[in-house]
Amino acid sequence: MRVIYSEDHKLRDARTELYAGQLVTPFEAPFRAEWILTAVTEAGFRDVVAPDAHGLDTARKVHDPAYLDFLATVWDRWVAAGFEGEAIANSFPVRRTSQRVPDNIVGAIGHYANAADTSITKGSYEAAIASMRCAVTAADWLNAGNRFAFALCRPPGHHAGIDLFGGYCFINNAGVAAQRLIDHGAKKVAVLDVDFHHGNGTQDLFYHRGDVFTASLHGDPLFAFPYFLGHADEEGEGEGAGANRNYPMAPHTPWQVWSSALADALARIKAFGAEAIVVALGVDTFECDPISFFQLKSEDFIRMGEMISAAGLPVVTCMEGGYGVPEIGLNVANVLKGLEA
Ligand code: SP5
Ligand code: ZN
């Protein structure tokens, strides 16, 4: 298992997250990656390398280039407008409104936001690029003929859509990794999203494509972020019809129920003919996660890795969510152990 990690994740260290009507210290913070890195190396995964300095070529195939330009410039535009706080969207192009991109930065940030939980700061873009580079470098490890890579991505990516940021995500790392595998010659790949939250961004990227199967196991959006996507009747459209599968699950879902959804997803990934799996790994399914409501225990993450490995395909794992508690490191290491078992 090669581990790809960049210190540049620290460039994203926001002070604010709009949560429960207050600006709190963000759940998605640098300590997460530090704890995960420490735990995986202590568990014996010592082949840790920095990512290659990839540009945006692969990202431009899954994101709107104008959106990537927005990400690159939003902080400077926010500062130029004279604002002193972090950049937070507060006006949105909702039902029955125009989808033209406003010139005004407050309008532009609202246009490109799918949630107001994600404050943009100086350095957020640079950290997002480093995170994406981890994912591309991990995909290339598979392209070179290896079976497993772990991209210790931070910030996470699975809520980032074609032209949308939010849910702590800016560039869809797992989506870029999937594209990278396709560009290297894979005819079909799958993104398997086991983060507690629906992978709305990843679903958006590939909803009309027949070459990337997307599956997400998550808290039912009737009760959980991102609220507006992730229902079981979203199955893909056009070329992508039948190539998206959602497994929304109720509050307090335990491993026994969750793992039968995983078994179904893996069977569909095999039937689809995927040549590799990109796992969008959030460990916010853990029973003690501060913002989620599933009941997975630390040992369950070993079984999770084993089940995914039993599909017999190469696997690139990209870090997504998992918050607050020290066990996030152990839980990630357990998945990696299960994969290699
Ligand atoms: C990558 C990832 O896991 N992103 C998640 C973003 C969630 N942001 C909104 C958090 C709102 C949580 N509300 C839960 C209430 C618990 N009492
Ligand atoms: Zn999550």
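The table below lists the values:
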{"item": "Whichever residue in region 287-298 is away from ligand 2 (no atom under 11 Å from the Cβ) and closer than 22 Å to residue 37 by Cβ and, among such residues, is least open to solvent (accessible area, probe 1.4 Å)", "result": "296"}
{"item": "In region 1-37, the residues that are closer than 12 Å to residue 319 by Cβ and in contact with a helix residue (DSSP H, G or I) (Cβ under 9 Å, 6 or more places away or on another chain)", "result": "3, 4, 5, 6, 9, 32, 33, 35, 36, 37"}
{"item": "Test set (1) buried (at least 22 other Cβ atoms within 10 Å of the Cβ); (2) more than 16 Å from residue 204 (Cα to Cα) - residue 96 fails condition number", "result": "(1)"}
{"item": "Residues that are assigned to a helix (DSSP H, G or I) and either closer than 13 Å to residue 148 by Cβ or of a type in the set (D, E, K, R) (or both), drawn from region 267-314", "result": "268, 270, 300, 303, 305, 306, 308, 309"}
{"item": "Residue within region 74-89 that is in a helix (DSSP H, G or I), surrounded by 16 or more Cβ atoms within 10 Å (Cβ to Cβ) and within 16 Å of ligand 1 (Cβ to nearest atom) present", "result": "no"}
{"item": "Residues of region 217-254 classified as small (Gly, Ala, Ser) and either within 17 Å of the chain's Cα centre (by Cα) or open to solvent by less than 50 Å² (accessible area, probe 1.4 Å) (or both), total", "result": "6"}
{"item": "Residues that are buried (at least 18 other Cβ atoms within 10 Å of the Cβ) and not in a loop (DSSP other than H, G, I, E, B), drawn from region 99-115", "result": "105, 108, 109, 110, 111, 113"}
{"item": "Any hit, region 185-197, residues being open to solvent by less than 10 Å² (accessible area, probe 1.4 Å), closer than 18 Å to residue 275 by Cα, of a type outside the set (A, V, I, L, M) and within 16 Å of ligand 1 (Cβ to nearest atom)", "result": "yes"}
{"item": "So residue 232, is it farther than 17 Å from residue 191 by Cβ, in a loop (DSSP other than H, G, I, E, B) and free of Cβ contacts under 8 Å to residues at least 40 places away in the same chain", "result": "yes"}
{"item": "Close pairs from region 256-283: first more than 24 Å from residue 333 (Cα to Cα), partner aliphatic (A, V, I, L, M) and assigned to a helix (DSSP H, G or I), Cβ under 9 Å, at least 6 apart", "result": "275/181"}
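The values are calculated or read from the model by the stated rules, or taken from the named source; none is laboratory data. Since the structure is predicted, the reported quantities are computational estimates derived from the model, not experimental observations. So basically every Cβ, Gly included, is an ideal-geometry build from the backbone, and we count neighbours across all protein chains shown. When the accessible area is computed, the model is the full protein with side chains, heavy atoms only, and any ligands, DNA or RNA have been set aside. Shrake-Rupley method; radii C 1.70, N 1.55, O 1.52, S 1.80 Å.
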